[in-house]
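Just so it is clear, none of the values below were taken in a lab; they were calculated from the coordinates. Please read these numbers as outputs of a predicted model, since none were measured by experiment. As a convention, Cβ positions derive from the backbone with ideal geometry for all residues, glycine included, and neighbour counts pool all protein chains shown.
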Amino acid sequence: MLLAPGYEHQLAYRLLDYCDPSTPWWRGLWTLGTLLSINEALEAAQARAASALSANSLEQLCFVTADVAIKDPGLGGLADRKLIHNCLRKPLVPPLSEYHLLQEILSALDSVYLNNWVAHLAGPPNNRVDPEIAAQSIAAHLLDIGFRKQRLYDWLNERLLGTDATLTLSQLLEDCAALAASAPVNYEVMIPMEAKPLKTDVLPPGGETRPLSAPGALTTVMSASCSMGASCLRFAPEIRTTPSIRLSN
C-alpha cells in the first residue's frame, strides 16, 4: 500500500484513475503519450513529403508536440529534451537530418522512457513536474504501447491496495518500467465459420483458413450452426498483458 501522502499519493492514484475504465469522461485521459505524439509527427512528415498534408498542418502538429516534449522528463534531461524540441521546430521532412535524428531518438527512448521518469522523480522534490502531468504521461505511455485499461487498472490496484508492504513511488514506477519492458504474448485465435471466405484479402496479417475436420478444443467456441465440414479463421495476434493478478480480500 502506498502510504506517503502529498505528491506521491496524488500521482499514484491519478495514475490508477486514468487506467480505470469506469472513470467519468471528464476525469479521464485525453492525451496521447509523448513518444506516440512524436511518432505521429514523423508520420505527418512522410505525408507532407508525399504532398498529402499541407506545410501549415505539419508545422502546427510539430509545434504542439515540441511544447509537450520539452516538459516531459521521460525523454531525458533538459539537454535531450531541447534537442528533440529543436528538431520539431525545424522543417521536418524525410530527406532532412532532423527527421532521421528524431527517428533514432525515438527508437532509443522506447526502452528507457519510464526509467527516465523513475530517475526524475527520485531527484529533488522542487524539480518534480506537476503530479497530474506526470500521471497523464505515464498512463498514456502504458496505454499507447498496447496495455488494456482494465488489465492495467487491476494490476495497479493490486500494487497499491493488495499488499501490506509500504510501496514508494519509485518502486511503483520501477514496476511499471519492468512491465513495459516485458515481451508481448502470442495467442492463437480460431474463429469457426460456416464456409471459407471467398476473398483471402480480408484476412488479418499472418491469418489463414483451415478445414475444421475435428472440433477438438474448439468445442466450447463453436456455434450450433458450425458443422464438421466447416472452416475456421486462424490468426495469431501479439498482445501485451500484465502478470497474473491476485487481489487480496
Q: Would you mind giving the average projected area, over all directions, of the Cα convex hull of region 7-181 in nm² with one decimal?
A: 10.6 nm²
Q) Looking at region 16-100, which chymotrypsin sites (Phe, Trp or Tyr not before Pro) are in a loop (DSSP not H, G, I, E or B) and have at most 15 other Cβ atoms within 10 Å? A) W30
**Q.** In order through region 8-15: 3J(HN,Hα) via Karplus (6.51 cos²θ - 1.76 cosθ + 1.60), integer Hz, x for Gly, Pro
**A.** 4, 4, 5, 5, 5, 7, 6, 4
Q. Efficiency by 1/(1 + (r/R0)^6): what FRET value for A49 and V129, r their Cβ-Cβ distance, R0 = 51 Å, to the nearest 0.05?
A. 0.90
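Starting from the Cα-Cα distance between N186 and Q103, subtract it from 0.36 nm times their residue separation and give me the gain in nm to one decimal.
Residue separation times 0.36 nm, minus the Cα-Cα distance, leaves 27.2 nm.
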**Q.** Rounded to whole Hz, the Karplus (6.51, -1.76, 1.60) HN-Hα couplings of region 75-88, x for glycine and proline
**A.** 8, x, x, 4, 5, 5, 5, 5, 4, 5, 4, 5, 4, 6
Q | Net length gained if the chain between D110 and K90 were fully extended (0.36 nm per residue, minus Cα distance) | A | 4.9 nm
**Q.** In order through region 124-130: 3J(HN,Hα) via Karplus (6.51 cos²θ - 1.76 cosθ + 1.60), integer Hz, x for Gly, Pro
**A.** x, x, 5, 9, 6, 6, 4
